[in-house]
Amino acid sequence: AAVDAYRRAVDINPCDYRAWYGLGQTYEMMGMPFYALHYFKKSVFLQPNDSRLWIAMAQCYKSEELHMPEEAIKCFKRAVNCNDREAIALHQLAKLHRERGRFEEAAFYYKKDLERMEAEEREGPNMVEALSFLARYCKDQKRFEEAEVYCTRLLDYTGPVSPEPVLLNLISD
């Protein structure tokens, strides 16, 4: 029913990026990322400065069915450049670079994400993940003073996720 409704909306106004986006979301929810990507591309063509559309495309590229991480990275970068208000893209860029073994790039995006979380006074698992990665990265780079700063911040962390296992792991290495 949703597909039919969005198709009618697109027939009425083919320049309505929200209808194309809605089609993409519907297909994404149905587990059809190839179709979803097609419609997200149409929506981003009509509204190229909307970070949500770039993130939606990136999520499709990240899916198991498509598994195109380099394309996902490009889309997440576009989302960052379009002022990603939901703060999704920086964290995803950090994770994708970490997964691909690009630790310097991952550190860059984790730092940017951490700065944004601090500016917005947000805490949570993303903060623990960023601090943990940066502590380990700096330790591996023999930048011990910087690693100590991140470890201290993990110790001081009072959010909903416990950083203790991470710290124990860092110490045991």
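The values are calculated or read from the model by the stated rules, or taken from the named source; none is laboratory data. Remember, predicted model here, so these are calculated numbers, not experimental data. Counting neighbours? That spans all protein chains shown, and the Cβs are built from the backbone with ideal geometry, glycine included. Heavy atoms of the whole protein, side chains included, go into the accessibility calculation; ligands, DNA and RNA do not. Shrake-Rupley method; radii C 1.70, N 1.55, O 1.52, S 1.80 Å.
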## Note on the structure
The correct count of residues that are outside any loop (DSSP other than H, G, I, E, B) and either of a type outside the set (Gly, Ala, Ser) or loosely packed, with under 15 Cβ neighbours inside 10 Å (or both) in segment 62-77 is 9
### Summary
Checked segment 41-52 for anything open to solvent by 50 Å² or more (accessible area, probe 1.4 Å) and outside any helix (DSSP H, G or I); matches are Gln47, Pro48, Asn49
### Message
If I go through segment 1-40 residue by residue, how many of them are assigned to a helix (DSSP H, G or I) and open to solvent by less than 60 Å² (accessible area, probe 1.4 Å)?
### Response
19
### Query
Consider Arg8 against the criteria (1) at pLDDT 95 or above; (2) of a type in the set (D, E, K, R); (3) farther than 19 Å from Asn126 by Cβ: it satisfies all of them except one. Which criterion is unmet?
(1)
### Query
Where residues in segment 96-111 are outside any loop (DSSP other than H, G, I, E, B) and in contact (Cβ under 8 Å) with a residue 24 or more places away in the chain, which of them is surrounded by the most Cβ atoms within 10 Å (Cβ to Cβ)?
Tyr110
### Failed condition for Arg85, given (1) part of a helix (DSSP H, G or I); (2) open to solvent by 30 Å² or more (accessible area, probe 1.4 Å)
(1)
### Summary
Restricted to segment 61-74 and to residues being hydrophobic (A, V, I, L, M, F, W, C) and touching a Lys or Arg at 6+ places or on another chain (Cβ under 9 Å), the residue nearest to Met32 (Cα to Cα) is Met68
### Query
Under the condition of being part of a loop (DSSP other than H, G, I, E, B) and small (Gly, Ala, Ser), which residue from segment 112-162 is least open to solvent (accessible area, probe 1.4 Å)?
Gly124
### Task
Of the conditions (1) surrounded by fewer than 20 Cβ atoms within 10 Å (Cβ to Cβ); (2) under 20 Å from Arg98 (Cβ atoms); (3) not hydroxyl-bearing (Ser, Thr, Tyr), Ile55 clears all except one; give me its number.
(1)
